[in-house]
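Below: the structure, in structure tokens.
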Amino acid sequence: MSGLRLKECKELTERLPVQEAALPTRVVLPLQQSLGCPNDPIVNVGDEVAEGQKIADTQKTVAAPLHAPISGRIIAIDNLPNACQYPVASLVIEAIPGRESQGLVGSHWQVDEFTPEQIRKVVREAGIVGLGGATFPTHVKLSPSKPIDTVIINGCECEPYITADHRLMLERPAELLEGARAIARAVGAENIIVAVENNKQDAVQVLLDHNKNHNLKIVVLPSIYPQGGEKVLIRKLLGREVPSGGLPLDIGVIVNNVGTAVAIADALKTGRPLIKRVVTITGSGVKKPRNLLARIGTSFAELLAQCGGITDDAAKIIMGGPMTGLAVASLDMPVVKGTNCLLVLNQRDARDYEEKGCIRCGRCVRACPVGLLPNFLADFAKLRDYEKLVDYHLADCIECGCCAYVCPSRIYLVQYFKGAKQELKTRRAVCR
Ligand code: SF4
Ligand code: SF4
């Protein structure tokens, strides 16, 4: 259970500052961009909307509202294909020529002026979700039902290629540390730990310099995958185990990504909702890899065009990193709140392998960072034995891909687990 040392492939973008992407003329916004429940539109086709205006919301607790990333007109509310080509309820906004978005101008409050209740309210109204990819609504995380003693800010970014968090730590350390303090204030935690891997020494130094005003604990960890998984990180930093089927709050901890901390500071200080995020656009199939601050809803095609386009031998597009990302079928897909990376691989890097039979070598078991039996889980998933999948703790799988990475038979283990989890979720589907 020690993790994997992967080829990092971060050199393509780790030294490239984040640049604001060109304003899109059209954005496509799936109504559900967080774990939990979908939003309902609160605008109609034909309405004019202003940048930052709330356009979709719900009374359900586990959800986060959606805001207009650009000023424009609602031209459609319809079911449109998502990254997996499933139709999902979406809003489309088209910019009105001559009425471009001006950028939001907000007040400048101090984080310390907010009570815990006010912090939760601002975070909810800003539509903030976990920006490391998990997309859990942050205001729910900031409303723990149990006492919390420690807040961990996750700056590990252990997955190859992705450098969005690395750049944020380098470029926005003040907001990151302020956001961390706001999180701790909201949940009443005394300890704040910012965890960074040792392949980002420049970020460590910048955080240490800024921390003189804050006195948080900055911990440098060796670079190992999947250290950024919250269960793995908590064990490494605090020696505590999240119980099977449980949550970090069960052991007095909450974990937030560095991007989430920055978004919280932005919302508190300026009233700015979450309408942009940093996306790393990289890989052997991109002509000029970059880190872009992109409006939510911008199409992958538009972002790639700002990176010189794709190479002639580009073969695979992945939303996210190579270990946990999702292959996408179309460049029309939009950036959503959870999109931290757009990875395009050329034919050589994207080659597929033929799946062979399990040889019971046990490598997947040794590689699993949460102590599962991936070979058995795959068998149960193939047999659709959902009782056994529950008994063998499929729910604890963090979908890190370590098992599939080491499997000599090239078994697509994670795909089996994702499919089985989806089926279990459908069977139990309950929205609060
Ligand atoms: S994907 Fe799941 S089963 Fe496989 S190594 Fe990661 S946690 Fe373990
Ligand atoms: S690593 Fe692959 S071949 Fe080996 S036991 Fe696991 S699933 Fe089977």
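Quickly run through region 218-253 and pick out the residues that are in contact (Cβ under 8 Å) with a residue 24 or more places away in the chain and acidic (Asp, Glu).
Listed by number, the residues that qualify are GLU230, ASP250.
Criterion first (within 9 Å of ligand 1 (Cβ to nearest atom) and over 17 Å from GLU355 (Cα atoms)) does GLU387 satisfy it?
no
Could you tell me which of the residues PRO17, PRO87, PRO65 is of a type outside the set (Gly, Ala, Ser), within 21 Å of GLU302 (Cα to Cα) and not assigned by TED's automatic domain parsing to the domain that holds ALA263?
One residue alone meets the criteria, PRO17.
Sort out for me the helices (runs of 4 or more DSSP H) sitting completely within region 319-432 that have 1 or more residues that are within 30 Å of LEU292 (Cα to Cα).
Output list reads 402-406, 413-428.
Okay, residues lined up against (1) touching a Pro at 6+ places or on another chain (Cβ under 8 Å); (2) of a type outside the set (Phe, Trp, Tyr); (3) in a strand (DSSP E or B):
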position: LYS231; (1), (2), (3): yes, yes, no
position: GLY245; (1), (2), (3): no, yes, no
position: LEU268; (1), (2), (3): no, yes, no
position: THR280; (1), (2), (3): yes, yes, yes
position: SER284; (1), (2), (3): no, yes, no
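Quick check on region 43-83: of everything there that is charged (D, E, K, R) and crowded, with 19+ Cβ neighbours inside 10 Å, which residue is modelled with the highest pLDDT?
ASP57
Being crowded, with 24+ Cβ neighbours inside 10 Å and more than 17 Å from the chain's Cα centre (by Cα) is true for just one of VAL286, VAL279, VAL262. Which residue is that?
Numbers: VAL279 fails: more than 17 Å from the chain's Cα centre (by Cα); VAL262 fails: more than 17 Å from the chain's Cα centre (by Cα).
It is VAL286.
So which of TYR386, TYR353, TYR405 is of a type in the set (Phe, Trp, Tyr), more than 10 Å from ligand 2 (Cβ to nearest atom), in contact (Cβ under 8 Å) with a residue 40 or more places away in the chain and within 29 Å of THR163 (Cβ to Cβ)?
Checking each option against the conditions leaves just TYR353.
Mind checking which residues of region 356-370 are basic (Lys, Arg), closer than 21 Å to ALA395 by Cα and either free of Cβ contacts under 8 Å to residues at least 12 places away in the same chain or more than 6 Å from ligand 2 (Cβ to nearest atom) (or both)?
Passing the criteria: only ARG366.
When region 154-203 is examined, which residues are found to be within 17 Å of the chain's Cα centre (by Cα), of a type in the set (S, T, N, Q) and more than 19 Å from THR13 (Cβ to Cβ)?
ASN154
The values are calculated or read from the model by the stated rules, or taken from the named source; none is laboratory data. Since this is a predicted model, take the numbers as computed values, not measurements. All Cβ positions, even for glycine, are placed from backbone atoms using ideal geometry, and neighbour counts span all protein chains on display.
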